[in-house]
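Okay, structure first, notes after.
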């Protein structure tokens, strides 16, 4: 009987979902409780099927060959227990048996589930359910956190844009410098440094530097019109200004 | 009430068919389903009578039969689920600016937001009673001044506008370069 | 058959509520709906009895009550109701493995079946809403863990995963007759 089964199985190897599927089929063919099955007999049957299949066609999927190799090892250990490590093969056989039982249990579970009256096939729900739930969307959901983060977002965005606007001029302008130099020029008898023409109370940094450049531009402008002389004795040295002595001449 | 109804196999089948069908079951559909010798009208008359006093009735809708909740029970079963709307971001920002800068003109709101304020957004705030006109500004064109309403306070659970966090507390560096919005958690000062 | 059932107002309301709901109605939902002095268990016992022989019955599904057509009428109703695809054997097996071993990774499912789990099978189970990811396993690669859904319980008419037969029961006689169905589920009010 076992042989007949084996021959039949060789031909329909592809019908199995894998080596474990075939092993379970062979085990079930032994018609005994899986817990009492002869693993050695099972292994021999499996190897016979694989051998038969290889005679029919050479190529076999890798997982079949891997299982066959492992079962060949198992068979040799079961037949000739190694001295000193007898539990090796027994543990392996137990694992195989447990796996077969687990798969068998899941097969039965699937069968049990399939036998239940299934929704949409054996039993049906109400086809036209009534929707008695009403959605009230009249209220607003407003949270303080949302209001505040919205405010911050708006202000930050606007603040970001402000950076592109021209800043109001608060610096000492050339116009201011022209007036100041003109006013002070007469009261200073000789060469005076440019710093002496700066307004009082200037902040250091940009305002001071702006005032220096404005005053220099004013000085250059006035020198062009012959109203004052400019002098710088060395590079980066102090810039000196004085009222033109020959204010009527054209040689300035 | 005491209902004595004899349920024939045809009635059971009609009952199940009307229950499971995804559309009202017409007399023709039922005639196809029931045994040939069944009297559809009689079956349905009996079935409808059986359900007459019950929590669900058989109604004739769209040329067919279907189960419907008894009208007197519907109010008990009707569940009103509140699904509050949220204000769009633009509306929320505008509302926040009005709250903090009131009374404020539309142009001022736009300046503060750094973006145009659409009529839709203003309408949304008005419809929900969150803002209201507060007179006019005595400048050329006499633009309308906007402010928040008592409903605004109620929505946010405020007794008074002074309960809003101070601007200085919020805007630590208003013109600063940080454009990433702060994390929500940092703003959540009101326990919900 | 002659059914003499006295329908109390509470029974009518429970009937209407379960009829109208798209999901199984839990004892708690019913307790909130019925008058305070109503005994939910007694009301439902009477209602289920009233529907016992009828074309539609009350089933206990996923922790609640739901009307469903009587299983014996299925052959007739299949002619008028749109039928979904039945799950293929591979999908049923994989589903059984997920149901029994959940939460379980794909690799574990494949190990138990001794065969690869195809994308089609997983898609089919997901499309039918029968399985869902249940977090990730804290092992290298953090693979997704799979488990069953409430729709799984509804599909197979189960009140609870514990209604699945025990693994030992499944293995008693693999070649023997099908297992006896589990006892009819009873749903009781659970103390809150």
Problem set entry | Filter result (within 7 Å of chain B (Cβ to nearest Cβ) and closer than 22 Å to residue C:59 by Cα) within the stretch A:126-145 | A:126, A:127, A:128, A:130, A:132
For this session: Those residues that are modelled with pLDDT under 90 and touching a helix residue (DSSP H, G or I) at 6+ places or on another chain (Cβ under 8 Å), I need them from the stretch C:133-179; list them, please.
Result: C:143, C:144, C:167, C:170, C:171, C:174, C:175, C:178, C:179
For this session: Go through (1) at the interface with chain B (Cβ under 10 Å from one of its Cβ atoms); (2) at pLDDT 90 or above; (3) under 21 Å from the mean Cα position of the chain (by Cα) one by one and return the number of the condition residue C:21 breaks.
Result: (2)
Exercise. In this structure, is residue C:11 in a helix (DSSP H, G or I), more than 22 Å from the chain's Cα centre (by Cα), within 11 Å of chain B (Cβ to nearest Cβ) and at pLDDT below 95?
Worked result: yes
Exercise. Do we have any residue at all in the stretch A:222-242 that's assigned to a strand (DSSP E or B) and touching a residue at least 60 places away in the same chain (Cβ under 8 Å)?
Worked result: yes
For this session: Kindly indicate whether residue C:28 is away from chain B (no Cβ under 11 Å), under 19 Å from the mean Cα position of the chain (by Cα), assigned to a helix (DSSP H, G or I) and surrounded by fewer than 17 Cβ atoms within 10 Å (Cβ to Cβ).
Result: yes
Exercise. So, in the stretch C:77-93, of the ones that are under 21 Å from residue B:30 (Cβ atoms) and at the interface with chain A (Cβ under 7 Å from one of its Cβ atoms), which residue ends up modelled with the highest pLDDT?
Worked result: C:77
For this session: Restrict the check to the stretch B:46-65 and report whether at least one residue is part of a helix (DSSP H, G or I) and out of contact with any helix residue (DSSP H, G or I) (no Cβ under 8 Å at 6 or more places or on another chain).
Result: yes
Exercise. In this structure, is residue B:96 out of contact with any strand residue (DSSP E or B) (no Cβ under 7 Å at 6 or more places or on another chain), within 30 Å of residue B:117 (Cβ to Cβ) and more than 9 Å from chain C (Cβ to nearest Cβ)?
Worked result: yes
Exercise. Does residue B:140 fit the bill of being more than 14 Å from chain A (Cβ to nearest Cβ), over 14 Å from residue A:150 (Cβ atoms) and either in a strand (DSSP E or B) or touching a strand residue (DSSP E or B) at 6+ places or on another chain (Cβ under 9 Å) (or both)?
Worked result: no
Exercise. On the given criteria, is residue C:74 at pLDDT below 95, under 30 Å from residue B:6 (Cβ atoms) and either facing chain A (nearest Cβ under 9 Å) or in a strand (DSSP E or B) (or both)?
Worked result: yes
For this session: Can you run down the residue pairs with Cβ atoms below 8 Å, 6 or more apart or on separate chains, where the first is in the stretch C:109-127 and over 25 Å from residue A:66 (Cβ atoms) and the partner is part of a helix (DSSP H, G or I)?
Result: C:124/C:91; C:125/C:91; C:125/C:94; C:125/C:95; C:125/C:98
Problem set entry | Selection within the stretch A:29-49 - in a helix (DSSP H, G or I) and modelled with pLDDT under 85 | A:29, A:34, A:35, A:36
Exercise. Do the conditions hold for residue C:114, that is, is it modelled with pLDDT under 95, buried (at least 18 other Cβ atoms within 10 Å of the Cβ) and in contact with a strand residue (DSSP E or B) (Cβ under 8 Å, 6 or more places away or on another chain)?
Worked result: no
Seminar exercise, completed: Restricting attention to the stretch A:122-137, the residues that are out of contact with any strand residue (DSSP E or B) (no Cβ under 7 Å at 6 or more places or on another chain) and under 25 Å from residue B:73 (Cβ atoms) number exactly 3
Problem set entry | Residues that are assigned to a loop (DSSP other than H, G, I, E, B) and within 49 Å of the chain's Cα centre (by Cα), drawn from the stretch A:59-80 | A:59, A:60, A:61
Exercise. If you check C:20, C:42, C:10, C:38, which single one turns out to be out of contact with any strand residue (DSSP E or B) (no Cβ under 8 Å at 6 or more places or on another chain) and buried (at least 22 other Cβ atoms within 10 Å of the Cβ)?
Worked result: C:10
For this session: Could you tell me whether any residue of the stretch C:124-132 is more than 20 Å from the chain's Cα centre (by Cα), modelled with pLDDT of 85 or more and assigned to a helix (DSSP H, G or I)?
Result: no
Exercise. In this structure, does residue A:17 turn out to be farther than 20 Å from residue A:74 by Cα and modelled with pLDDT under 90?
Worked result: yes
For this session: Considering only the stretch B:99-114, state which residues are part of a loop (DSSP other than H, G, I, E, B) and at the interface with chain A (Cβ under 7 Å from one of its Cβ atoms).
Result: B:114
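The values are calculated or read from the model by the stated rules, or taken from the named source; none is laboratory data. A quick note: this is a predicted structure, and the numbers were derived from the prediction, not measured. Every residue, glycine among them, receives a Cβ derived from its backbone with ideal geometry; neighbour counts consider all protein chains shown.
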